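Engineer: The structure follows.
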Amino acid sequence: MTSFRYHVVSLAAVFLALAVGILLGSGPLRSALEQSLGEDVNTLQQQVDDAQAAVSDAQAQAVVGTDFANELRPALLDGRLAGVSIALVSVSAPADSEVEAVRQALVDAGATVTADVTIEAAWTDSSQNTFRAALAEQVAGQVTGVDSAATSSDRMLAHALAQALVPASDQASAQGGVLLDLLKQADLVSGTVTGSATAIVVVSGAGSDNEDARAAASDSLANVVGVLSGYVQGTVEAQGATATGDLASALHNTPDTAAISTVVEADTVYGQIATSLALAEQVTGGSGHYGAGSDGTLLPQSMLAGG
């Protein structure tokens with residue numbers, strides 16, 4: 001049985017511990033702890049202040065860079081695309097503001113936009129494969145110069161779109177209108193065509209958040225862009241930031257489309273200027289891939305020489 005003496009000793013130990021804790025907490029240990037915490041807080045606050053200052057500096061530099069590009073823009077673009085008619089094709093849901101900014105840069109360079117169409121999500125939806133195959137059989141008779149027996153369904157539809165964007169004559173223009181209506185009724189495309197294009201600019205959005213889905217859609221769209229490019233003098237794909245499985249990568253990695261120029265950061269003034277210059281280079285027979293990065297070139301040097 002536990003003795004009364006044991007209880008007395010235990011209580012004494014507890015009171016002694018409390019007394020020591022009170023003395024230390026109100027004495028040197030507390031002061032040292034408070035000083036250490038204060039120093040940590042001051043260090044963290046300084047780091048926050050430094051980060052905020054760095055952000056402010058970067059924002060100020062970005063504003064200067066944008067203002068500089070805007071002031072230089074007329075000298076870089078003036079007349080570069082004079083006489084060029086462009087079909088503007090949106091894919092993977094780019095922002096309207098991005099498409100409009102790219103369009104304005106093309107117009108500023110002297111181009112005329114003769115078509116503004118969007119390739120809808122149904123074009124790359126795998127659940128719509130059977131429907132697209134049936135539609136391709138239907139439009140094959142309206143598409144000229146293409147062997148339907150040797151052409152896949154998706155490529156046949158791409159040829160139909162190309163002949164709607166680039167009619168070679170008044171008769172072809174009427175036929176192109178029929179093809180465009182068929183594609184629009186199938187919810188594969190939307191938009192308008194007012195004349196024949198001699199060049200194509202594809203503005204691409206970010207696409208799916210799922211990398212595999214984005215890559216699959218990009219491969220399908222690269223196939224379409226490859227067909228379209230065969231009908232015109234020059235083709236450029238423009239998009240925002242790079243991402244795994246994006247359209248620019250799909251075009252680079254396919255031999256048939258590697259000569260199609262690409263521009264990233266088309267949502268910036270830089271990218272919009274670069275898109276127009278890249279198209280001017282394409283029309284004269286050159287090509288390139290432009291944008292910031294370890295292996296990126298910002299602008300076509302051939303378009304800057306003497307300009």
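The values are calculated or read from the model by the stated rules, or taken from the named source; none is laboratory data. In this text, all values refer to a predicted model and were calculated from it rather than measured experimentally. Every residue, glycine as well, gets a Cβ built from its backbone with ideal geometry; the counts of neighbours run over all protein chains shown. Accessible surface areas use protein heavy atoms only, side chains included; no ligands, DNA or RNA. Shrake-Rupley method; radii C 1.70, N 1.55, O 1.52, S 1.80 Å.
Engineer: Excluding ligands, DNA and RNA, what is the solvent-accessible area per residue of the range 232-306 at a probe of 1.4 Å, expressed in Å²?
Structural biologist: Working: 3030 Å² over 75 residues.
Per residue, the range 232-306 has 40 Å² of solvent-accessible surface.
Engineer: Right, another one. What is the set of long-range amide H partners of Ser90 at a cut-off below 5 Å, with H atoms built 1.01 Å from backbone N?
Structural biologist: Result for Ser90 returns Val117, Thr118, Ile119, Val203.
Engineer: Counting only protein heavy atoms and using a 1.4 Å probe, what share of the accessible area of the range 181-307 belongs to carbon plus sulfur, as a whole percent? Write down the numbers at each step before the final one.
Structural biologist: Details: 2540 of 5220 Å².
Carbon-and-sulfur percentage of accessible area, whole number: 49.
Engineer: I want to check the label-to-label distance for Ala93 and Thr242. Put each point 7 Å from Cα in the C-beta direction and report it in nm to one decimal.
Structural biologist: Calculated label separation equals 2.5 nm.
Engineer: Mean separation of Cα pairs under 8 Å and 6+ residues apart, divided by the residue count of the range 56-214: what relative contact order is that in percent?
Structural biologist: Working: 219 pairs, mean separation 50.8, N = 159.
About 32 percent, as a whole number.
Engineer: I've got another one for you. With +1 assigned to the C-beta of every Lys and Arg and -1 to the C-beta of every Asp and Glu, and no other charges, what is the dipole magnitude of the range 151-245 about the Cα centre in debye, to the nearest 20? Mind showing how you got there, number by number?
Structural biologist: On the way: 3 positive and 9 negative charges, 48 e Å.
Dipole of the range 151-245, to the nearest 20 debye: 240 debye.
Engineer: Collect residues whose amide H, placed 1.01 Å from N in the peptide plane, falls under 5 Å from the amide H of Ala266; neighbours closer than 5 in sequence don't count.
Structural biologist: Gln239, Gly240
Engineer: Counting heavy atoms of the protein chains only and a 1.4 Å probe, report the per residue accessible area for the range 105-210 as a whole number of Å².
Structural biologist: Working: 4800 Å² over 106 residues.
Value returned for the range 105-210: 45 Å² of accessible area per residue.
Engineer: Which whole-Hz couplings ³J(HN,Hα) result when phi for each residue of the range 273-283 is put into the Karplus expression 6.51 cos²θ - 1.76 cosθ + 1.60, θ = phi - 60°, listed in order with x for Gly and Pro?
Structural biologist: 5, 4, 4, 5, 5, 5, 5, 4, 5, 4, 4
Engineer: Can I ask one more? Report relative contact order for the range 69-139 in percent, whole number only (criteria: Cα-Cα under 8 Å, sequence separation at least 6). List each step's numbers first, then the result.
Structural biologist: Numbers: 66 pairs, mean separation 26.2, N = 71.
Reported relative contact order: 37 percent.
Engineer: What ³J(HN,Hα) values, in whole Hz, does the Karplus curve 6.51 cos²θ - 1.76 cosθ + 1.60 give for the range 232-242 when θ = phi - 60°, with x put for Gly and Pro?
Structural biologist: Working through the residues one at a time gives 10, 7, x, 9, 10, 9, 10, 8, x, 5, 6 Hz.
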